[in-house]
Structures are given as C-alpha cells and as structure tokens.
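All of the numbers you see were taken from the coordinates with simple rules; none came from a lab. Predicted, not measured: the structure shown is a model, and the values here were computed from it. Glycine gets a Cβ as well: all are built from the backbone with ideal geometry, and neighbour counts include every protein chain shown.
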Amino acid sequence: MGNLLGSWRFKEPSTVEECDSTWGSDSEEDEPPAAEEDSGISDSVSPADSEQAAGYAGDSTPPQLTDSPESAPKMKRSFYAARDLYKYRHSYPNLKKSRQPNEYRNLRFYLNKISLVPDGIYIEEILSKWRGDYEKLEHNHTYIQWLFPLREQGLNFYAHELTQDEIKEFQNTREAKRRFLAAYSLMLDFYGVKLLDKSGGVARAPNWLERFQHLNESHHNYLRITRILKSLGELGYEAFKAPLVHLFLEESLCHGTLPNMQHSILEYYVYTIRQPATRRRLLRFARQHYKPRHAFLWGPPSKRHGSNQSVGGNPGAGSSGIRAPAPTPEPQRREEENTTSMLSGSTISVSSLDGVMYQDGDGLGLMDCRGLRSNMSGLEGPLMMTGAIGEKNELVPL
C-alpha cells in the first residue's frame, strides 16, 4: 500500500480550459455580472498553436484590436501561461522532492547571513542603498531571484528554489518577513507604487508619473512582477496580490497610464491568485472597462444562447469562460481498455482542481474607476520601506 500511495501522480492539463477553473464554481453571490455579450473571439489556444500568443503574453505589446468583431484579429489565450500558473496555484503537484540537503539558503539570505550569488551583495545593502537607484534596479538581473524566491528554477542558476520546509521556517521568522516586506516596498517604489499598510493596500506613489511611463515601455519588468506576485503567495502574503492587480487593472484600463500592461495583467497577474472568487471579481471589473469589449478573452461565460458548451462542445474557461471537466484519471482509462488490476500499474494519475483553500484578500473590494479605496488605518508601527527586486518569467520562470 505504501508503494501504491507513493506512485500517485497528478495528470497535468493539456488545454487552457483544463488549466482554468475560475468560472467553474461561479456564483451570483460573488458580484452581479455586467450585461453579458457573446464574445467575438471564443477560441482558446492549444499547445500546438499557442506559440504566437505566448510570444506577447508577458513581454511585449499585444496586437491592436478594432471595435468590430468581424475585423478583429483572432486572438487566443496562451496555453503555456495557463499551464505555468495552474502548476503554481496547485503547489507544483508533480514536483519531485530534492534529495539534496535543505540548506535554507533563501531564508539565510533574508537573515543577512549569506550574500546573493554571483554578486556577493547582502540583503541589508540592497534595502539600505538601492532604494531609488532605478538604474541599478532596472539593469541588474541577478537579485530578483533572491529577493523573490519560488519553488521553480529561474534564470539565475546560483539562486536556490524554495522548499516547503523552508517556506514554513520563513513564515515563522519575524526578521525574514520584515525584510521581505521591505523588499516588496522597494520594488513597488521602483514601479511608481507605494505600500499603504500591513494588509497589502497600495496606491500611486509620488513618483508615479515618471515610473509609469518607464514601466509602460519596460516589458521585462512585467515578467518580474509575475515573479513577485508568485513569491508573495509562497511566503504567506496571498492577500497582498489582489490590491496590486486591481491597481494595475485600473491604471491600464481606466486611466490609460499602463496600456501596454493590459495583456500581462489579464493573462498572468490575475491567475497568480489562488482563490477563484477573487479572480472572478477582478475579471468582471476588467471586462467592464476593456476595449473593445467583444475581444475580452477571460470570461465570464456567455449565457446568450443558454448553453454551457464552448467551441468544440467542451465546457471550458479559456475565452468562453466555462470550465472544462477535470481530466479523466488514467486508471479509469486503463480499466475501460482491459481488466488488468490497478495495482499492476506503475502510476496512478488523478486530476487536481483549483480548490486550494487560501485566505481571500478581498478586503479591498472591487470598485469603479474613480480611485482605489483605502479603508485601512495606517501602519500600527514602523514598517521598513526599503528593499529591491526585478526580472523574467514566461516560458522559463525567473
């Protein structure tokens, strides 16, 4: 029995619909949806034909769309982005535990006991000397993996992946968490955003105009932001994601200050959030302000024809917004083909759903474009607002 349990393996999804459960448990209680319109572009992308979509999903400007569904180019969601974020939200279900001894190098870096490699810089130097040094934060590409570690390999092969044991230790270490929030604040300042409180509230910083102009043209920073959002969730700050994603949606869709970021927000940032109800609220807000509306690919599901079927007859959540059924477990397929005992198989495959329970950072509420709500009282004590970060994440994570 022990060998049997040890061989369990999650079957990875093979389509955008299987990756996205955002609308699979949709409830009218979440937030009343706006008037539904049938999307003029309802196809989702498959692994075979998604390379073009993946090319602009994280680091370049998406094609310009017209107001007419007939004349609009056929856009599709990126399967590679959807699969990457599916794995992240499900805590990398097929990730093999390393046989190497756990050295807790990320935690030791945040305790100022070791320097980042290869630059030999300690966290305290970054937090105290790099704030406001935008040239250094822009052009140095080795610090971001250390400031915002993940459970996946990035481009700096000297940086170490987080482990579950290390995450637990990190979350129980006050000094490490204090410096992590300082690093987050430092990067927000780099992007023209300020951290308002210990609940993750954010707003425009005094330098927002200059920094937004830079961010709108600095596409590699979009990949860095994806990494930052992922790292927030890994290290216990899941509730910090929604306020930042909402601010970026508001700036890009309502104020037009970050128009080039629209696709990255909708294709990547929203889907780093583990709670489906929070994703739905963000996407409903986005759809309300997206132009042209017929080109919105991310749901909610169309109810125009009273059907729950998307293109091809399969329920899905790609562009139509309806979730596909979970992949059929491999043992079930095998049982249909022959009567071989399940115990004789070398692998048991099961599918995973977006049912991971996390605290929903919905305290911000989603409002219209007249401004971000700040219903939090100020800091309950000094919060060190110094730090650093930044870098890539698309097909190959940072």
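Figures for the structure shown
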item	result
Segment 265-296: chymotrypsin sites (Phe, Trp or Tyr not before Pro) in DSSP loop, at most 12 other beta carbons within 10 Å	none
Gain in span if fully extended, GLN164 to GLU124, counting 0.36 nm per residue against the direct Cα distance	11.9 nm
Segment 253-299, dipole about Cα centre (Lys/Arg Cβ +1, Asp/Glu Cβ -1), debye to the nearest 20	240 debye
Assigned charges on the beta-carbon of Lys, Arg, Asp, Glu; segment 77-226 dipole about Cα centre (debye)	620 debye
Cβ-defined net charge surrounding VAL193, 9 Å radius [Lys, Arg +1; Asp, Glu -1]	+2
Cβ-placed point charges (K, R +1; D, E -1), dipole of segment 106-161 about Cα centre in debye, nearest 20	200 debye
